[in-house]
Amino acid sequence: MIKWQYFFKLRVIVKDFLNRNGDYIILSSFISKFLSFLTSIFLIRIISSSEFGIFAYSMSILSFFIPFSGGGMHFSYLRFAPNHKLNDRYRLFSNTLFIGFLFSILTILFLFYIISKLNIKDSLFYNVIYVLSVYQVSYFVTELIKINFLVESLNKRFAFLEIIISLSIFIFGAIFAYIFGLIGYVYVYVIFPLICVLPYFKFKSLKIKLPKKYISYGIWVGIGSIASQLLYSIDIFLIGNILKNNHQIALYKSASIIPMAIFFIPNSFLKSFYTDLAKNSKNKIFIKKFLKDYLSIFFIITICLFTFLFIFSKEIIIIFFGLEYLDCLSSFKILLIGSIGAFLLRIPFGNLLAAIGKSDWNAFISIALILINILLNIIFIPNYGINGAAIVTSLLFWLSGLISLFMSLIYLYKLD
């Protein structure tokens, strides 16, 4: 009897998800991640492991700044726009775009300064990283347009744009990479997202009073996102500085592609409900029901998905990356263990804290974990190589998830 009730509950959850056109979001996210994955495979196959290592290293540096593109104003728009009327949302969008663009220019200039201080004797690295720096504008504008579709409940349009951008980067990125090498792909990666979103720009008068804490919320989310991103990428940065081996960087990057790519599954689910969470940030019953529903369905998804990935891990590495990358098998398995913690704890409870307005909590949690990350990697990488970096990342996925869970429980308790 209990078993049938459980499956009936899952059926209700899935039906609600589909009614929100959540299937379009998850399908577009899957296609986007799959095309990104194919692009990575193409790059691995067509360029040398040394060049791919340079690209991975450059992206690890850029990832420190990307979450703060636009000063996090797109996060503020997602948090506050659902509570505004349509005309006010248009004006809020224009304000957000203007302020965020200025923030992006400042972060690009700051990144240029940081790059100028690096002591790396490789001209290709500098060519790649300088072009990639401009991606901060592309990223912010693209994310703001997509978030606006979510706020307007235009999930189908969100999905369409997501697919168009990914497909454009895949097709033209492959062509340009084949003709011009790595730098050709980098130009496509930076420019084509902007080309795809240009038809969707809407401008209204900038005269609107910004919601209280609008800018500070976005900045805190941006800081927290930078810190969170560091948990994904600081290991690559440290591997490059400690081991000084581009092939090892390429191995670790390859090992992390699939464990990180599958995060689109819980993230897509959460995107469909994010605006409702923001509107019901003070509704304890709604929040508890949402969390129970999420854990009910993702417990089953996690068991099925990760069992498959573990059993066929060797075959997956060989098929997608080739025998040259088989040495990353152990790191791949270790990162899968960490990804389980991300699926069940870090992603749902981290997103909940952001949706209810506790962006500063997320930021403080992530900053503390960065310090732990650096200290542990300094110990583990020299002793265990890329496997050491994988162990640290997996541990921190679980630790950050448990802390987010604890902070969420505190918030719910205070709602009483």
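The values are calculated or read from the model by the stated rules, or taken from the named source; none is laboratory data. Because the structure is a prediction, the values reported are computed rather than measured. For neighbour counting, all protein chains shown are included, and Cβ atoms are generated from backbone atoms with ideal geometry for every residue, glycine included.
Miscellaneous remarks
- Close Cβ contacts (under 9 Å, 6 or more residues apart or on different chains) running from residues in segment 285-302 that are over 17 Å from Tyr274 (Cα atoms) to residues that are of a type in the set (S, T, N, Q) and at pLDDT below 90 are absent.
- Among residues that are under 14 Å from the mean Cα position of the chain (by Cα), basic (Lys, Arg) and under 18 Å from Phe343 (Cα atoms), Lys292 is not included.
- Tabulated pairs, segment 322-343, first farther than 23 Å from Asn246 by Cα, second outside any helix (DSSP H, G or I), C-beta under 6 angstrom, 6+ apart or interchain: none
- Any hit, segment 369-388, residues being in a helix (DSSP H, G or I) and within 26 Å of Phe269 (Cα to Cα): yes
- Scanning segment 88-96 turns up no residue that is without any contact (Cβ under 8 Å) to a residue 40 or more places away in the chain and surrounded by fewer than 18 Cβ atoms within 10 Å (Cβ to Cβ).
- Screening the candidates Ser48, Ser58 for the property of being touching a Phe, Trp or Tyr at 6+ places or on another chain (Cβ under 7 Å) and either within 26 Å of Ile115 (Cα to Cα) or not assigned by the TED database to the domain that holds Phe321 (or both) yields one hit, Ser58.
- Candidate set: segment 275-290, residues that are at pLDDT 80 or above and buried (at least 18 other Cβ atoms within 10 Å of the Cβ); chosen: the one nearest to Phe406 (Cα to Cα): Ile287
- The combined condition, being at pLDDT below 80 and farther than 27 Å from Arg91 by Cβ, is fulfilled by Ala227.
- Lone unmet requirement of (1) more than 15 Å from Ile347 (Cβ to Cβ); (2) of a type outside the set (Ser, Thr, Tyr); (3) under 23 Å from the mean Cα position of the chain (by Cα) for Ile378: (3)
- Of the set (1) in contact with a Lys or Arg (Cβ under 7 Å, 6 or more places away or on another chain); (2) at positive phi, all apply to Ser313 but (2).
- Some residue of segment 123-131 being surrounded by 22 or more Cβ atoms within 10 Å (Cβ to Cβ), in a helix (DSSP H, G or I) and in contact (Cβ under 8 Å) with a residue 24 or more places away in the chain: yes
- Count - residues of segment 166-215 that are modelled with pLDDT under 90 and either of a type in the set (S, T, N, Q) or in a loop (DSSP other than H, G, I, E, B) (or both): 14
- Scanning segment 232-272 for residues that are assigned to a loop (DSSP other than H, G, I, E, B) and under 14 Å from the mean Cα position of the chain (by Cα) yields Ile262, Phe263.
- Matching residues, segment 257-272, being surrounded by 19 or more Cβ atoms within 10 Å (Cβ to Cβ), in contact with a Leu (Cβ under 9 Å, 6 or more places away or on another chain) and either within 14 Å of Leu309 (Cα to Cα) or of a type in the set (Ser, Thr, Tyr) (or both): Ile258, Pro259, Ile262, Ser268, Ser272
- Leu150 being more than 26 Å from Ala56 (Cα to Cα), buried (at least 18 other Cβ atoms within 10 Å of the Cβ) and not assigned by the TED database to the domain that holds Ser272: yes
- Selection within segment 291-333 - among the aromatic types (Phe, Trp, Tyr), crowded, with 17+ Cβ neighbours inside 10 Å, closer than 30 Å to Ser50 by Cβ and at pLDDT 85 or above: Tyr325, Phe332
- Thr107 being more than 25 Å from Tyr178 (Cβ to Cβ) and not basic (Lys, Arg): yes
- Hits in segment 110-164 - residues which are of a type in the set (S, T, N, Q) and more than 19 Å from Leu194 (Cβ to Cβ): Ser116, Asn119, Ser123, Asn127, Ser153, Asn155
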